[in-house]
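Engineer: Can you read through this structure? Questions will come right after.
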Amino acid sequence: MFTLNKKMLVLFMVLVLIVAGCSKKEDVKEATPTKENRLIYASEEEFEGLNPILEETNLDALLFRGVMRFDENNKVGTDIADSFDVSEDKLTYTFTLKEGITFHDGKELTAEDVVFTIESIMDDQNASFLKSDFEEVKSTKTLDKYTVEVTLKQPFTPLLDKLTVPILPKHAFEGVDMRTADFNSHPIGAGPYKFDNWDRGNALTLQAYSDFFGTKPSIEKVIFKFIPDSNVRALQLKSGEVDVALLDPVQVENLQKEENLTIYDMESSDYRGILFNMNLDFWKDVNVRRAFSYATDREQIVKGILKGHGSVAYSPLQNHEFHNDQIEKYTYDVEKANALLDEAGWIEKEDGMRYKDGEKLSFTITTPASDTVRTNMANYVAEGFKDIGADVKVAALDWSAITIEDADAFMVGWGSPYDADHHTHILFHTNESSINSTGYNYGNYSNEKVDELLEKGRTTTDPDERKAIYMQFQEELAKDPAFDFIAYENAVYGINKNVSGVKERTLGHHGSGFLWNVEEWKWNDQ
Amino acid sequence: MISKWVGKRMVMGIVVLFIVSFLSFFIMQAAPGDPAAAFYGGNAQTLTTAEKERITRAYALDRPVAEQYVAWLGETVKGNLGISSKEGRPVSDIIVERLPNTLLLFSVTMFFIVMGSLWLGTVAGMKAGSMWDKGLSTFSIATSSIPAFWLGILFIYFFAVNLGILPSSGSGDVEGTGGVIDKIRHLIMPAGVLIVTHVGIYARFLQESIKIENGQYYVKVARANGVMERFIRKGIVRNASIPYLNYIAMTIPSFFGGSIIVESLFAWPGLGQLTVKAVATKDYPLLMGSIMVTGILVVMTLFIVDLIMYAMDPKLRKGGIR
């Protein structure tokens, strides 16, 4: 029996070696022991595809460049474009592109590619998530090889922001359906890094592109290693298996003690709040909305749920140059909340709950279950609302099971570090109601003054004038709140101490954009 | 005789797969959630009603479920698993990338679990009341009640962070240049967790059946007649193996389920991880594809176990039982 075991063991080992050998292309080269000039990023999830107009990934900033680009202060400047002109009526933009810019396959980037990209986004067939950004565009055409003309339906100052969109090579899509194109797994851009290899389920490697038109990258390779478990990401950062990782708030304290790491606690424009669905009758009374805003203990949420890596929120433009801090901030005040509810006619009964016309003050906050921070926040505020006599339930559901328009209230997450129009018009303007437009005004919020200010903001070009408009917008929104703003989440990254060149800027959603200037990063010992 | 038996088994296997496909297809459709919204994933908050309708139409999700199933079945029989709605690539390509990893993890862990539990179970079972006997009982209760993800984190902390001798995730070096040795190094921790959490319970099962067998009349007679202990042991183990193999066969499907957690934790790119992802994104073609391939794997493994039992148990050959 035992001799049989040994034979089987040998046979089995041989089989294992064969399977292991088959599953990966045979390579004689062992991993070189000397330190390589490469950066390993712990990626939270694997990408479905790398087409930047179909899916947003952390790789976009490395692989692609746009006509325009945001700088360190999130201000928009030219990138692929050399210069641009705006017509007198603000309806026609003419962009002159830099000559000699090449895609990673060596072909030159021309005006045709820019037109192709915008048209692809606007094409319904492609179902691009960026489509609403280009709603105001009437047409685009090439004037010559290096000149593009964009015509608008009405003046739209944020167009320059929207044109930071990655430019796709037209020639890579000849005769193919964009959704199933080979490009999506073998992208070609004009950015500082080019696609090298995608070992599915394991890692994706990008290589410095030597003909890049901007700052030539110093780090030879950037590798995205897919590690779905957040604890494993933190442990690998500790062990040095990865060089950069986005951290959960609870992990930060522990990793701050590590000597080989630098922690970047970066401000973001990413806020959380409760969307009031105006289809529900009791939200129509502004005093009810204000009452719930007063009954939200934001300080505790920042302290307890975000572990201090965030700040209390009161405006959608808080971490923004147009920020107005003279508005109502709805500091936690249960008494005020109770008074407002009394005024609104919601009367407390013996069971401690409030009633009006025999109806109990009760609603459900819907939240995506996969987002633990949002779910924690929803649970915390629901508990707190008992203090003002409201019976609030939480429904944590899968994204695919959520219809925001049908929820009584929803735990939203929005915010943009870019132009003030971004994530304001589309959320709060009456015409952006998701029922009859492509906008994201899911709660059917409508306020004439807000509408007027948002329209003026779009069409005004003078920065000072615009600032005044958005300051006033924030004031109006605070008086008649569409959301119960809760908190801004910081993005906390841990990175190997030997990497230099990281430039902090206010980040967008879920800390995206940390790698925005990776071509300027370098290893200190290289 | 054997060919008839094999033929019967194969027909049964196909029937099982058919039932699996039917059930999973309909359960999937009945689950709450909108595939169009899942299609947008993290961008779901930016999905509008019009867009939702367009996606639903594009993937024929507005057709009756039965019609969708028949269409799917027809294509699958022809060997076409369809295109992943989320990745836009053929499902068969995606599965082929993952399959070797799953086979590797499954065969290595199963091999060590079987070998380890055979050895432990025999030693402990033959010496009733000994340290081995009591030790194994404690060991099996302890290890089978440890959550795999917790043990995994512990492993990572110990072997990857403190000792720095093993890589903690993936199935190979990030640039794919590590070769076979590197692959095995990556395999050690996920396989280790599965082996440690399973070997005890299997050994314990064998231990118990050996104890029962050891007390049988025929064993006593053999011992009284002076048959060498080596042969007695062989006989006992052989007889005790039948319920043990049955137990393995019974637990294989749940073993596959359990390995999903380990695959996710160690980012081992196998079928389990893929299935979970397909569920989360409601990628129906991919989900059906991975369920079917996993189903085939389970059916095939059970078939092998049956074959071994057939070889070991004369009663089966004579068609006595079942």
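The values are calculated or read from the model by the stated rules, or taken from the named source; none is laboratory data. Since this is a predicted model, take the numbers as computed values, not measurements. Here the Cβ positions follow ideal geometry from the backbone for every residue, glycine too, while neighbour counts run over all protein chains shown. With ligands, DNA and RNA removed, areas are computed over all heavy atoms of the protein, side chains included. Shrake-Rupley method; radii C 1.70, N 1.55, O 1.52, S 1.80 Å.
Engineer: Would you check if B:LEU307 is under 21 Å from B:MET10 (Cα atoms) and surrounded by fewer than 18 Cβ atoms within 10 Å (Cβ to Cβ)?
Structural biologist: When the stated conditions are applied, B:LEU307 passes them.
Engineer: Same structure again: Just one of the numbered conditions (1) in a loop (DSSP other than H, G, I, E, B); (2) more than 14 Å from chain B (Cβ to nearest Cβ); (3) of a type outside the set (Lys, Arg) is not true of A:SER128; which one?
Structural biologist: (2)
Engineer: Got a number for residues in the stretch A:163-194 being of a type in the set (Asp, Glu) and over 16 Å from B:PRO90 (Cβ atoms)?
Structural biologist: 1
Engineer: Taking A:TYR380 as the residue in question, decide whether it is touching a residue at least 40 places away in the same chain (Cβ under 8 Å), touching a strand residue (DSSP E or B) at 6+ places or on another chain (Cβ under 9 Å) and away from chain B (no Cβ under 13 Å).
Structural biologist: When the stated conditions are applied, A:TYR380 does not pass them.
Engineer: May I pose another question? Checking B:ILE184 against (1) in contact (Cβ under 8 Å) with a residue 60 or more places away in the chain; (2) at the interface with chain A (Cβ under 10 Å from one of its Cβ atoms); (3) hydrophobic (A, V, I, L, M, F, W, C), which test does it fail?
Structural biologist: (1)
Engineer: While we're here: Taking B:VAL65, is it surrounded by 12 or more Cβ atoms within 10 Å (Cβ to Cβ), over 27 Å from the mean Cα position of the chain (by Cα) and modelled with pLDDT of 80 or more?
Structural biologist: Answer is yes for this residue.
Engineer: Just a yes or no: is a residue in the stretch A:334-351 open to solvent by less than 50 Å² (accessible area, probe 1.4 Å), assigned to a strand (DSSP E or B) and on the phi < 0 side of the Ramachandran plot?
Structural biologist: no
Engineer: Would you please list the contacts, defined by Cβ atoms under 6 Å and residues six or more apart or on different chains, that run from a residue in the stretch A:59-76 that is among the charged types (D, E, K, R) to a residue that is open to solvent by 60 Å² or more (accessible area, probe 1.4 Å)?
Structural biologist: Hits for this filter: A:GLU72/A:LYS503.
Engineer: Just one of (1) aliphatic (A, V, I, L, M); (2) free of Cβ contacts under 8 Å to residues at least 24 places away in the same chain; (3) open to solvent by 10 Å² or more (accessible area, probe 1.4 Å) trips up A:VAL137, so point out which.
Structural biologist: A:VAL137 satisfies all of (1) aliphatic (A, V, I, L, M); (2) free of Cβ contacts under 8 Å to residues at least 24 places away in the same chain; (3) open to solvent by 10 Å² or more (accessible area, probe 1.4 Å) except (3).
Engineer: Here is a further query. If A:LYS307 satisfies all but one of (1) free of Cβ contacts under 8 Å to residues at least 40 places away in the same chain; (2) surrounded by 14 or more Cβ atoms within 10 Å (Cβ to Cβ); (3) not hydrophobic (A, V, I, L, M, F, W, C), what's the number of the condition it fails?
Structural biologist: All conditions pass for A:LYS307, except number (1).
Engineer: Within the stretch A:379-401, identify whether any single residue is more than 27 Å from A:ILE305 (Cβ to Cβ) and small (Gly, Ala, Ser), and answer yes or no.
Structural biologist: Within the stretch A:379-401, none of the residues are more than 27 Å from A:ILE305 (Cβ to Cβ) and small (Gly, Ala, Ser).
Engineer: Also, I was wondering about something else. May I ask you to list pairs of residues, at least six apart or on different chains, whose Cβ atoms are under 9 Å apart, with the first in the stretch A:175-198 being within 11 Å of chain B (Cβ to nearest Cβ) and in contact (Cβ under 8 Å) with a residue 60 or more places away in the chain and the second being surrounded by fewer than 19 Cβ atoms within 10 Å (Cβ to Cβ) and among the aromatic types (Phe, Trp, Tyr)?
Structural biologist: Short answer, once both residue conditions are applied: A:ALA181/A:PHE173; A:PHE183/A:PHE173.
Engineer: Hey, can you tell me all the residues within the stretch A:508-526 that are assigned to a strand (DSSP E or B) and open to solvent by 30 Å² or more (accessible area, probe 1.4 Å)?
Structural biologist: The one that is assigned to a strand (DSSP E or B) and open to solvent by 30 Å² or more (accessible area, probe 1.4 Å): A:LYS522.
Engineer: Show the residue pairs meeting these rules: Cβ distance below 6 Å; 6+ apart or different chains; first residue within the stretch B:199-221 and farther than 17 Å from B:ILE242 by Cα; second residue of a type outside the set (Ser, Thr, Tyr) and open to solvent by 60 Å² or more (accessible area, probe 1.4 Å).
Structural biologist: B:GLY200/B:PHE139
Engineer: A further question on this structure: Within the stretch B:118-136, can you find the residues that are within 30 Å of B:GLY270 (Cα to Cα) and within 13 Å of chain A (Cβ to nearest Cβ)?
Structural biologist: Listed by number, the residues that qualify are B:LEU118, B:TRP119.
Engineer: Taking the stretch A:71-95 as the search range and keeping residues that are in contact with a strand residue (DSSP E or B) (Cβ under 7 Å, 6 or more places away or on another chain) and part of a loop (DSSP other than H, G, I, E, B), which one is farthest from A:VAL137 (Cα to Cα)?
Structural biologist: If we take residues in the stretch A:71-95 being in contact with a strand residue (DSSP E or B) (Cβ under 7 Å, 6 or more places away or on another chain) and part of a loop (DSSP other than H, G, I, E, B), then A:ASP71 is farthest from A:VAL137 (Cα to Cα).
Engineer: Check A:SER370 against each of (1) open to solvent by less than 50 Å² (accessible area, probe 1.4 Å); (2) in contact with a helix residue (DSSP H, G or I) (Cβ under 8 Å, 6 or more places away or on another chain) and name the one condition it does not meet.
Structural biologist: The number of the failed condition is (1).
Engineer: Look through the stretch B:72-110, keep the residues that are acidic (Asp, Glu) and surrounded by fewer than 16 Cβ atoms within 10 Å (Cβ to Cβ), and return whichever of them is farthest from the other protein chains (Cβ to nearest Cβ).
Structural biologist: Ranking the qualifying residues of the stretch B:72-110, first place goes to B:GLU75.
Engineer: Being touching a residue at least 40 places away in the same chain (Cβ under 8 Å), closer than 30 Å to A:SER268 by Cβ and of a type in the set (Ser, Thr, Tyr): is that true of A:SER239 here?
Structural biologist: So A:SER239 does not fit the description; no.
Engineer: Kindly provide the set of residues from the stretch B:137-172 that are open to solvent by 50 Å² or more (accessible area, probe 1.4 Å), within 13 Å of chain A (Cβ to nearest Cβ), on the phi < 0 side of the Ramachandran plot and over 21 Å from the mean Cα position of the chain (by Cα), ordered by number.
Structural biologist: B:LEU154, B:TYR157, B:PHE158, B:PHE159, B:ASN162, B:LEU163, B:ILE165
Engineer: Sort through B:ASN246, B:ASN225 and tell me the only one that's open to solvent by 20 Å² or more (accessible area, probe 1.4 Å), touching a residue at least 24 places away in the same chain (Cβ under 8 Å) and of a type outside the set (Lys, Arg).
Structural biologist: B:ASN246
Engineer: Something else: Scan (1) open to solvent by less than 10 Å² (accessible area, probe 1.4 Å); (2) over 29 Å from B:ALA280 (Cα atoms) for the single condition A:PRO463 breaks and write down its number.
Structural biologist: Checking A:PRO463 against (1) open to solvent by less than 10 Å² (accessible area, probe 1.4 Å); (2) over 29 Å from B:ALA280 (Cα atoms), the one that fails is (1).
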